[in-house]
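> Just dropping this structure here.
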Amino acid sequence: AQLAVLCLGNLKPRSLAIPPGPSHIADIWAPGALDGIAIDDPVLIVGSGATGVDALLELHHRGHRGSIYLLSRRGLLPLADVPERESRMPGIPGGER
């Protein structure tokens, strides 16, 4: 290859000040990490960045029907990866061209 792009992700997030247990998933990328979440379980995702959105999307793709709460550590909303005017996907605001 003449060009390689390494998308290695971020470092592991720092731990929350709660004891580890079956109701606390510290690493959503671990194999089977989300398997213990029942389809109707309410879920709190702490962190509204890319990994939090990835967790939300993974639950959606698994058919999750319970409530999902996305809580930012800093009180922020998720940022768009692509500005609205550049989106070309039908059903996405600014995407119908």
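The values are calculated or read from the model by the stated rules, or taken from the named source; none is laboratory data. Just so it is clear, the model here is predicted, and its values are computed rather than measured. Quick note on the areas: whole protein, heavy atoms, side chains included, nothing else; ligands and nucleic acids left out. Shrake-Rupley method; radii C 1.70, N 1.55, O 1.52, S 1.80 Å.
> Mind listing whichever residues of segment 57-71 are open to solvent by less than 60 Å² (accessible area, probe 1.4 Å) and within 18 Å of Ala30 (Cα to Cα)?
Leu59
> Please state which one of Ala38, Ala33 is at pLDDT 85 or above and over 16 Å from the mean Cα position of the chain (by Cα). Reasoning before the result, please.
Working: Ala33 fails: over 16 Å from the mean Cα position of the chain (by Cα).
Every option except Ala38 fails the conditions.
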